[in-house]
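Report on the structure given below.
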Amino acid sequence: MTTPTLAPAPGSAPRLRMVRSHALLEARLLARNGEQLLLALVIPVLLLVGGAESGGVVDLGDGRRIDILTPGVLALAVLSTSFTSLAIATGFERRYGVLKRLGATPLPRSGLLLGKVGALLLVEAVQVALIATVGLILGWQPSPGISGTAWTLALIVAGTAAFAGLAMLMAGTLRAEATLAAANLLYVVLLLGGAVLVPLSSYPERIRPLLELLPSTALAEGLRAALDGQAVDPTHLVVLGAWAVGAGLLAGRFFRWE
Amino acid sequence: MVSALAVQVTDLVMRYGGTTAVDCLSLGVEAGRITAILGPNGAGKTTTIETCEGYRTPQSGVVRVLGLDPARDRAALVPRIGVMLQSGGAWSAVRADELLRYVASLYANPLPVETLVERLGLASCGRTPYRRLSGGQQQRLALATALVGRPELVFLDEPTAGLDPQTRHATWDLVIELARDGVTVVLTTHYIEEAERLADQVHVLDHGRVLASGSPSQLMASSTADSIRFRAPAGLDVAGLGAALPTGFSVVVEAVGQYRVTGPVSPQVLASVTAWCAQQGLLADQLSVNRHSLEDVFLELTGRDLRA
């Protein structure tokens, strides 16, 4: 066998291979990042265990605490990955010229975005598996049925799209440091004020119509109903869809790659 | 008609705000050769090369790379070119071998990653995150990612800036090998030695224009002023020596006791200088005949002002 030469042999890899390769790399990078891991797994699990065992420090409304809490923690996991993690990671990709450099490779922008979606779904699958397991150990009794399972999947996908759109809008227009700060701030604001862990029914009645328009409320309320075997208000999906389309269009319009 | 030029830039104009970065610039790059774009900081090198890479759309003028419009035909062009940016371009937590394997996976027939890692001395930093690599290692990794897709044309933006001598030589060897294997190389540099050693063709840029183009030897030959330098006691009769030489020569005091005769040096002129010194009873010490270097040409063309 001869020594490999540098002779030209240009060409792109098949599109699917590029997307898969990008998704796996991003997921690996996320798993290696301590802060992101904290946000993706440690905080949700701590809140789940703490919330279930604290016995009524915070009023979660009627029903078994663990059954109310687990869907909320699942919604929080989606929020942390598809919004906070994605925004911060993408902001720094812009800052460090990663997006610029990738622009000179055969990976098209659509492939880059699909790769990011793939990474998000991979990480979310791990989050859902872990949180569901911990929830079940703590006595969670989900009863979604077929329709509730379908709703759960649809809500998670729509929620991911809505949050990812917002994350890209933020990462593509603000400086990396500003994105870092704002993404963490919004995470906390939505966690406390966006009906994520505490059901909407526990909020003052006056502000509920406003909260219902938030993507966090739509996702968490929808999941609580779906996983409990209740009828899901289709408005939740409409709200998430509207956020996804709106943020997506704005991000597409204003995202700066360099 | 297919152009024999791998890159053709015609009357390119790029302005940012009030400044003109590239001012009606035209240059060509022959396929299979090494072309250096040489110029001081702020000369417009990076703007020019990034327009060729498709990052910027020409405000005026035409750019063709491998016969394609780099901005419009980007998707068709990118698989065929390799790009090394001046800085950045990697995730801070990515490992060197991981990044290289990832970039390789985007191409149809990538080079074996191990070969590149070995060639560029990156084997020791395989598992180190990018942010903890030294500047030189980051640069070699960037070069490796530019080459791994087996491009027919590579753009290297200051590939050896800030490298230690060993690494610089290793990089030069690789660039020469690339050209030998049929890859067209375009590199920007402000190191004259780099252009002189590597380039088949040099374009000297300043203020967004091409000041001169040619092979290093052509550029050096185009300049008339060679020189003779020597040491002699202070207070030499400079005017007297000048009078003893044919017209077209100048004699200047470079430093105390250090003299320079500038002009088209011939054996006769050299003999005249030493004869004149002998007449004066002086020993012309440390005498040297200086061929014009590319550096002299460069400074002659771009001036001696300090740049930002």
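Any read-out appearing in this document is the output of simple, stated calculations on the displayed coordinates, not a laboratory observation. Since the structure is predicted, the reported quantities are computational estimates derived from the model, not experimental observations. FYI the Cβ positions are ideal-geometry reconstructions off the backbone, even for glycines, and counts take in every protein chain you see.
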> Relative to the first principal axis of the alpha-carbon coordinates of chain B, what is the inclination of helix B:165-180, with its axis defined by its Cα atoms, in degrees from 0 to 90 and to the nearest 10?
Replying inline: 70
>> Quick check of the Kirkwood formula: for the stretch B:224-291, what is the inverse mean of 1/r over all pairs of different Cα atoms, in Å?
In response: 11.7
> With charges only on Cβ, +1 for K and R and -1 for D and E, what is the dipole size of the stretch A:120-229 about its Cα centre, in debye, rounded to 20?
Replying inline: 100
>> Name the residue from B:N290, A:L153, A:A31 whose Cα lies farthest towards the positive end of the charge dipole of the protein assembly as shown, charges +1 on Cβ of Lys and Arg and -1 on Cβ of Asp and Glu.
In response: A:L153
> Expressed as a rounded percentage, what relative contact order does the stretch B:7-163 have, with Cα pairs under 8 Å and six or more residues apart?
Replying inline: 23
>> Give me the inter-chain shielding for A:104-111: mean count of other chain Cβ atoms within 10 Å, whole number please.
In response: 6
>> To make sure I understand, if each residue's beta carbon is the centre and we count other beta carbons within 10 Å, what order do B:I81, A:I137 fall in, fewest to most?
In response: A:I137, B:I81
> Based on DSSP H runs of at least 4 residues, each adding -39500 (n - 2.57), what is the mean residue ellipticity at 222 nm of the protein assembly as shown after dividing by all its residues, to the nearest 500 deg cm²/dmol?
Replying inline: -15000 deg cm²/dmol
> What percent antiparallel are the DSSP beta bridges of the protein assembly as shown, to the nearest 5?
Replying inline: 65
> Which value, in debye to the nearest 20, describes the size of the charge dipole of the stretch B:172-230 about its Cα centre when Lys and Arg Cβ atoms bear +1, Asp and Glu Cβ atoms bear -1, and nothing else is charged?
Replying inline: 220
>> Give me log10 I(q)/I(0) at q = 0.08, 0.12, 0.14, 0.16 Å⁻¹ for chain B, Debye formula, one equal scatterer per alpha-carbon, no solvent.
In response: -0.47, -0.84, -1.02, -1.22
> Which angle between 0 and 90 degrees, to the nearest 10, do you get for helix A:176-193 versus the longest principal axis of chain A when only C-alpha atoms count?
Replying inline: 20
> When you count, for each residue, the other Cβ atoms within 10 Å and take the mean per peptide, how do B:252-261, B:89-98 rank with the highest first?
Replying inline: B:89-98, B:252-261
> So what J values fall out for the stretch A:98-115 if you push phi through Karplus, 6.51 cos²θ - 1.76 cosθ + 1.60 with θ = phi - 60°, rounded to Hz, Gly and Pro as x?
Replying inline: 5, 5, 4, 4, 5, x, 9, 10, x, 5, x, 4, 4, x, 4, 5, 4, x
> Hey, how many Å between the Cα centroid of the stretch A:61-87 and the Cα centroid of the stretch B:233-295?
Replying inline: 86
> Out of every Cα pair in the stretch B:165-298, what percent are spaced more than 18 Å from each other?
Replying inline: 63
>> Explain nothing, just the number: dipole magnitude of the stretch B:5-221 about its Cα centre with +1 on each Lys and Arg Cβ and -1 on each Asp and Glu Cβ, in debye rounded to the nearest 20.
In response: 540
>> Give the average, rounded to an integer, of partner chain Cβ atoms located within 10 angstrom of each Cβ in B:146-152.
In response: 4
>> Given contacts defined as C-alpha pairs under 8 Å and at least six residues apart, what's the relative contact order of the stretch B:224-291, whole-number percent?
In response: 48
>> Amide H of B:A21 versus every other amide H placed in the peptide plane: which residues, excluding those fewer than 5 positions away on the same chain, fall under 5 Å?
In response: B:M14, B:R15, B:Y16
> Based on the Cβ-Cβ distance of A:V58 and B:R127, what FRET efficiency does E = 1/(1 + (r/R0)^6) give at R0 = 51 Å, to the nearest 0.05?
Replying inline: 0.70
> What's the local net charge at A:R175, with K and R +1, D and E -1, over the other residues with C-beta under 10 Å away?
Replying inline: +1
>> I need to check one value: relative contact order of the stretch B:102-232, counting alpha carbon pairs closer than 8 Å and at least 6 residues apart, in percent.
In response: 18
> Other chains near B:109-118: what is the mean number of their Cβ atoms within 10 Å of each residue's Cβ?
Replying inline: 2
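How fast does the protein assembly as shown diffuse by Stokes-Einstein, in µm²/s, taking the Kirkwood radius from C-alpha pairs at 20 °C and 1.002 mPa s?
Here the translational diffusion coefficient equals 77 µm²/s.
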